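This report concerns only the one structure given below.
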Amino acid sequence: MKSDALKSPEEIYEYLKASFDELLEYVPAELGQSWITVPPFSMKAVAKFLRDDPALRFNTLMCQSGVHYPDEDELGVTYHLHSTSHKHTLVLKVRVPIADPRVQSVEAIWKTADWHEREAWDLLGIVFDGHPNLKRILCPEGWEGHPLRKDYRQQETYLGVTTGA
Amino acid sequence: MGLLDKKYHDSNIIIVPLENALNWARKSSLWYEQFGLACCAIEMMATAASHYDFDRFGILPRSSPRQADVMIVAGTVTMKMASRIERLYEQMSEPRYVISMGSCSNSGGPYWEHGYHVLKGVDKVIPVDVYVPGCPPRPEALLEGFLKLQERITNETVVESKPDGK
Amino acid sequence: MDEIITNGVQKQEMVINMGPQHPSTHGVLRLEVVLDGEVVKKVTADIGYLHRCFEKHAEAMDDYSKVIPYTDRIDYVSAMNQEHGYVIAVEKLLDLEVPERVEYMRVILAELQRIASHLLGVGTFGLDLGAFTPFLYCFIEREKILKIFEKVSGARLLYNYMCIGGLMQDIPEDFKTDTREFVKTFRPKIQELNDLLSSNRIFIDRTANIGVLPAEVALNYAASGPMLRGSGVKWDLRRNDPYSIYDRFEFDIPVGKGEVGTVGDCWDRYIVRVREMEESLKIIEQALDQMPDEGDVKEAVPKRVRPAEGEVYVRTETPRGELGYYIISDKSASPFRVKARAPSFVNLSILPAISKGALIADLVAIVGSIDIVLGEVDR
């Protein structure tokens, strides 16, 4: 991508190291964009820094996606950030164990995360600490399970109507 | 009046069975409920708009189910929507008809296998009179569905025969 | 419900349900509106009535190309743009070069689809506000585009025409003449639409100064497309982060200037769509001139789609805004994860923020000006 030339993820990582020290990890990718791994309990502080630092100014969260990694028994969240003023992009990743899937919410930093986080909770069961209204968004209230998990089993009936053929 | 212009005198009387007259009137003014669900709704709109023109069959959209004769289920019915469709159907007054438009509302269509949140056919919650196949059906197909429904209405009995047979 | 007492008069807030069956919610959207008299105090959008499990289907398919029909159905009003975004993303995963002729054809189809989609969006927006005639005029033109698409792909609405590395079938011989003919006849029609609707006094009264979205709020919510440009931000992915061959064309990016009201009101979002149609015509004309006549459209189509391990996020500009596909590959034949970042989903999440204090009748105008497609909101 063109915007990478302005500031590569590696440079941003070096820049962030000064403030966050050991917390972050840089993962180079062979295909697609390289990313930075953030621990779930410091996501909000990192997000705030990324948005407000004059050298970074990541003012939009393009996309926030939940992922289930069944081999590692983990859930993950991927953040795609973009800065309209500096024209660079960045990918952040958070990994949490499936037994205790808690990530700090970034709803207060980027408003768009509100619905994205609700969707990740609905479809994958990731809990976002600090989200003001973490309810199901696509499936109805009272739906069983989180459909996008790889081991999801469809419930047989909903309100007395069969979900199968 | 077009073809009928100046063809009859004012003293002419047409004799027709009451049932035929009633059914003719009913089938010529099918008001449908303006209610789109998914992709098929766009084709439904195209059928109602300038090119295909529903109006020439007396088919007009109504915004309230209480004023509608026929409900076109145009699109995918999800589990969340199923109970609402049932409610809307109950609000329609008799006689009422349902046209199931497109594969999704016929059987779940492309979402048949993995669609955990998709109802596999609207006939699981409400009775359907005409099924229109296609994904999405062309406007001509929807019109054909209406013609089939008209055929059905023509053959219906609305007049009750007297109990003593007189 | 809270009871409010002002000047000794006891008033009560009222909760009104709008939808899921409502003629102006553009599908099955449900809004829970808290009203104080006629003034909207709070709006809560309840979505998911058309959740068709796209992401589950994408993971369940045993081939990357089998996902394409489902991408069509995400945004059924602009299926070509959806296909375009998806095939570009997979091609990036495969590191695949696509022949020139295919690239040009895809751009022309995407721009024609943009016009068709805007025609529908503008037409139904007028319909929501009580202007019935423009709707019929828009549909006349839209049918002409659908005729071209039908000749090309065989379908009117959901095409499944673009495939990974190329196109499903060869371009029909008279495609160029048909498209040129359409461009010629359509240009004066935009002026007609402007006369009919854009400068209509009643229409302006219903849309100017209504639902004002300031630029910084739009950015914080990651709004995109006409929603963002209507707020005066000159941001178009075709120019700012060019994909496919968009860097070869000359075109303007219309933005809202607050000509009849405030920057970022409903009228601004509407007029951006109308002006974008003219820009799309410019792109189509240039692409038609540059497109090579000879070449096999299936030349680069791979026999087997098996990307290496990795992931991509590719974003393209659809009529409604930024469409992102986040695809993770685990070396198998089926995608490990496909997330569609749909523009309508994000744009709709702004609704509670901009409709506070509006009148309930204006809520219809605001929802219409966002131009949502529920298939995309719920996926």
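Read-outs throughout are calculated quantities, based only on the coordinates presented, and are distinct from any laboratory measurement. Given the structure is predicted, the values throughout are model-derived calculations rather than measurements. Virtual Cβ from ideal backbone geometry, glycine too; neighbours counted across all protein chains shown.
Near A:Ser83, within a Cβ-to-Cβ distance under 10 Å, what is the net charge of the other residues, with Lys and Arg +1 and Asp and Glu -1? Here the charged neighbours net out to +4.
Look at the dipole of the protein assembly as shown built from charges on Cβ: of B:Met44, C:Ala308, A:Leu90, the Cα furthest out on the positive end belongs to B:Met44. Ordered by the number of other Cβ atoms lying within 10 Å of each residue's own Cβ, fewest first, B:Lys6, A:Lys87 fall into the sequence B:Lys6, A:Lys87. Angle of helix A:9-20 to the longest C-alpha principal axis of chain A, folded into 0 to 90 degrees and rounded to 10: 90°.
Taking a sphere under 9 Å around the Cβ of B:Leu149 and counting the other residues whose Cβ falls inside, with K and R at +1 and D and E at -1, yields a net charge of +1. In chain A, the longest principal axis of the Cα atoms and the axis of helix A:43-52 are about 50 degrees apart. Put simply, the amide H of A:Tyr158, placed in the peptide plane, has neighbours under 5 Å in A:Thr163, leaving out anything fewer than 5 places away on its chain. Farthest toward the positive end of the dipole of the protein assembly as shown, out of C:Val77, A:Ile12, C:Thr318, is the Cα of C:Val77, where the dipole comes from beta carbon charges about the Cα centre. Over all other residues within a Cβ to Cβ distance under 15 Å of A:Lys44, the charged ones net out to -2, with Lys and Arg as +1 and Asp and Glu as -1. For segment B:64-96 versus segment C:278-323, the inter-centroid distance based on Cα atoms is 41 Å.
How high is the relative contact order of segment C:50-343, given as a whole-number percent (alpha carbon pairs under 8 Å, six or more residues apart)? The partial results should precede the final answer.
On the way: 514 pairs, mean separation 78.8, N = 294.
Computed over segment C:50-343, the figure is 27 percent.
Between helix C:79-94 and chain C there is an angle of about 50 degrees, using the helix long axis and the longest principal axis of the Cα atoms. Think of the protein assembly as shown as having a plus end and a minus end, set by charges on the Cβ of Lys, Arg, Asp and Glu; of A:Tyr26, C:Gly165, C:Ile271, C:Ile271 sits farthest toward the positive end of this dipole.
With charges set only on the Cβ (+1 for Lys and Arg, -1 for Asp and Glu), what does the dipole of segment C:189-321 come to about its Cα centre, in debye to the nearest 20?
Dipole magnitude for segment C:189-321 comes out near 480 debye.
Taking amide H as placed 1.01 Å from N in the peptide plane, the amide H of A:Thr60 sits under 5 Å from that of A:His82, A:Thr84, each at least 5 places away or on another chain. In order along segment C:220-231, phi translates into HN-Hα couplings of 4, 8, 6, 5, 8, x, x, 5, 7, 5, x, 8 Hz, rounded to whole numbers, per the Karplus curve 6.51 cos²θ - 1.76 cosθ + 1.60 with θ = phi - 60° and x for Gly and Pro. Straight Cα distances below 15 angstrom link B:Lys124 to the aspartates and glutamates A:Glu156, B:Glu86, B:Glu90, with same-chain residues fewer than 8 positions distant left out. The dipole here belongs to segment C:50-343: it is taken about the Cα centre, uses +1 on the Cβ of Lys and Arg and -1 on the Cβ of Asp and Glu, and is about 720 debye.
Among B:Lys80/C:Lys42; A:Lys48/C:Lys356; C:Lys282/C:Lys303; A:Lys48/C:Lys339, which pairs are too far apart, with a Cα-Cα distance over 31 Å? Cα-Cα > 31 Å for C:Lys282/C:Lys303; rest within. Remark: relative contact order (segment A:9-162) = 17 percent; criterion is Cα-Cα distance under 8 angstrom and separation of 6 or more residues. Only the Cβ atoms of Lys and Arg (+1) and of Asp and Glu (-1) were treated as charged; on that basis the dipole of the protein assembly as shown about its Cα centre amounts to roughly 1040 debye.
Between segment C:229-268 and segment C:61-107, the alpha-carbon centres lie 24 Å apart.
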